[in-house]
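Let me begin by presenting the structure, written as structure tokens, before commenting on it.
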Amino acid sequence: MLKIALSGSTGLIGSRIIELLKNDFIFAPLLQSQVDITNRDVTLKAIDGMEFDLFLHLAAYTNVDGAEKEKELVHKINVDGTRNVFDAVTSKKRGFIYISTDFVFDGTHPPYFEDSTPNPLSYYAKTKFEGEKIVKGQAMIIRLSYPYRARFDQKKDYVKSIVTALSEKKRLNMITDCKITPTFVDDIAFALKHCFTNFAPHIIHLIGSQSLSHYEAGKLIAKIFKLDESLIQATSYQDYYINKAHRPQYSEIKSKNNTFYIMKTFEKGLTEVANQLQNT
């Protein structure tokens with residue numbers, strides 16, 4: 001059985017990967033509480049002492065607006081931390097999988113495939129692209145977009161944030177002139193099952209099969225969860241992101257390289273989330 005070491009094992013995606021694939025792989029978490037990946041010596045020593053076949057690097061600073069204010073910390077985690085972990089893994093001659101983001105694209109000329117040219121806008125996105133450049137050609141790079149799942153108490157994902165706001169009868173301004181590609185975390189986990197057993201230093205987009213505007217996404221969430229759609233108001237990209245970090249406006253992400261797992265549409269993913277929540 002393949003042994004997968006991973007950082008970010010307690011996060012939104014990592015914890016679900018372990019939950020869903022625990023019978024298929026042995027997982028060896030590199031816990032943040034025990035190893036600070038920004039400390040090179042500590043990281044090299046810790047990983048040198050681990051036994052594994054592949055390393056999945058999920059750990060990252062992901063607060064897009066916060067990153068504009070904490071640039072030094074973001075760089076330490078997303079760039080230096082990635083380099084430290086990557087160097088430690090490659091010195092053991094093991095495979096490395098780097099989790100990246102659709103935010104490496106600027107959102108001006110969609111759709112974006114694995115071979116499209118990145119042009120990151122925000123500081124967060126720039127550091128994630130720096131990480132890609134460190135590992136490119138020697139690691140598998142997997143880009144994700146707006147991940148969501150049924151249950152994760154530590155942090156609200158995209159869907160949970162909207163469900164919570166609508167449940168509390170809050171009005172939401174949601175953008176009409178944009179595209180996002182929300183991705184069901186369970187699909188990411190099952191697609192990774194193939195990536196683990198067919199490791200190669202390629203770029204793969206593991207993303208939902210439906211791109212839509214924030215406004216359309218909000219309306220769909222309201223419909224599936226039987227919440228008040230009238231609370232969702234239309235706004236523009238320019239008005240919504242004033243004084244915020246730049247995001248790609250038309251982040252329509254597609255994949256040429258995911259020929260092995262069919263990712264759900266947003267509607268099907270939301271329906272599955274609703275079913276999982278209902279059945280527990």
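The values are calculated or read from the model by the stated rules, or taken from the named source; none is laboratory data. No experiment lies behind these values; they were computed from the predicted model shown. For neighbour counting, all protein chains shown are included, and Cβ atoms are generated from backbone atoms with ideal geometry for every residue, glycine included.
Below, the figures for the structure above:
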| item | result |
| --- | --- |
| Condition check for Lys170: over 21 Å from Ala245 (Cβ atoms) and of a type in the set (Lys, Arg) | yes |
| In the range 28-47, residue farthest from the chain's Cα centre (by Cα) [restricted to those that are closer than 17 Å to Thr82 by Cβ and charged (D, E, K, R)] | Asp41 |
| Phe105 being out of contact with any Phe, Trp or Tyr (no Cβ under 7 Å at 6 or more places or on another chain) and either on the phi > 0 side of the Ramachandran plot or among the aromatic types (Phe, Trp, Tyr) (or both) | no |
| Flag if Gly131 is of a type outside the set (Lys, Arg), in a loop (DSSP other than H, G, I, E, B) and within 19 Å of the chain's Cα centre (by Cα) | no |
| Residue within the range 216-232 that is modelled with pLDDT of 95 or more and under 22 Å from Asn119 (Cα atoms) present | no |
| Test: residue in the range 20-35 that is of a type outside the set (Val, Ile, Thr), touching an Asp or Glu at 6+ places or on another chain (Cβ under 7 Å), under 28 Å from Val273 (Cβ atoms) and surrounded by 15 or more Cβ atoms within 10 Å (Cβ to Cβ) | yes |
| Qualifying residue in the range 236-245 (condition: modelled with pLDDT under 95, crowded, with 17+ Cβ neighbours inside 10 Å and out of contact with any strand residue (DSSP E or B) (no Cβ under 8 Å at 6 or more places or on another chain)) | yes |
| Filter pass, Ser116 being modelled with pLDDT of 95 or more, surrounded by fewer than 21 Cβ atoms within 10 Å (Cβ to Cβ) and small (Gly, Ala, Ser) | yes |
| Criterion violated by Asn279 - all others in (1) farther than 30 Å from Cys195 by Cα; (2) at pLDDT below 95 satisfied | (1) |
| Answer from Leu56, Leu2 - the residue that is farther than 28 Å from Tyr123 by Cα and either in contact with an Asp or Glu (Cβ under 7 Å, 6 or more places away or on another chain) or not small (Gly, Ala, Ser) (or both) | Leu2 |
| Close pairs from the range 234-253: first in contact (Cβ under 8 Å) with a residue 24 or more places away in the chain and among the polar types (S, T, N, Q), partner assigned to a strand (DSSP E or B) and crowded, with 16+ Cβ neighbours inside 10 Å, Cβ under 6 Å, at least 6 apart | Thr235/Ile175; Ser251/Lys179; Ser251/Ile180 |
